[in-house]
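Here's the structure we're looking at; comments come further down.
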C-alpha cells in the first residue's frame with residue numbers, strides 16, 4: 001500500500017512540476033497545485049469513463065449514467081476523496097515535494113517519461129473506448 005501511495009503522489013508531483021514549468025514559460029506560476037489536481041481528476045475520470053464504455057460494448061447493455069446513481073457517485077466520491085486526503089494539507093505536500101526533489105535526476109527523467117506515457121495511454125484508451133462505443 002505504501003508503494004501505491006508513493007507512485008500516486010509521484011504521479012501528481014510530475015504533473016505539478018510540468019504545470020509549474022509551463023506556467024513559468026507562459027507568464028507566471030499560480031494555482032499550480034489546483035491545476036495539477038484538476039489534471040489528475042480528469043485522468044482518473046477518463047479511466048472510469050472508458051471502463052463504462054468498455055462495459056457497454058462488451059455486455060451490449062447501455063448504462064444510463066446520472067450523478068445520483070451509485071455507479072457514478074461512488075467513483076466520483078473516491079476520486080475527489082483521494083485528492084482531499086492527499087493534497088489539501090499543504091504541509092504534507094511540501095514534505096513529499098522535497099523528498100521527490102531530492103531523488104536522482106536519472107530517476108526523475110525516467111519518472112517523467114513514464115508519467116507522460118501513462119497519461120497518453122489513458123487519453124488513447126478513452127478515445128479508443130469511444131470509438132468502439134460508436135461502432136456498436
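Every number in this text was worked out from the coordinates using simple rules, so none of it is lab data. These figures come from a predicted structure and were not determined experimentally. No Cβ is skipped: glycine too gets one built from the backbone with ideal geometry, and neighbour counts run over all protein chains shown.
What to note about this one:
- Using a Förster distance of 30 Å, the FRET efficiency for residue 106-residue 85 (Cβ separation, nearest 0.05): 0.50
- Label point distance in nm, residue 67-residue 3, each placed 7 Å from Cα along Cα→Cβ: 3.9 nm
- Helix axis angle, 32-59 relative to the chain longest principal axis, alpha carbon, degrees: 20 degrees
- Whole-number percent relative contact order across the range 2-135, with pairs defined as alpha carbons under 8 Å at least 6 apart: 36 percent
- Folded to 0 to 90 degrees: helix 105-135 orientation relative to the chain principal axis, Cα: 20 degrees
- Difference of contour (0.36 nm per residue) and Cα-Cα distance, residue 120 to residue 98: 5.3 nm
- The chain: C-alpha gyration tensor shape, a/c 1.5 cut-off, then a/b vs b/c: prolate
- Compared with the dominant Cα axis of the chain, that is its longest principal axis, helix 70-87 is turned about 0°.
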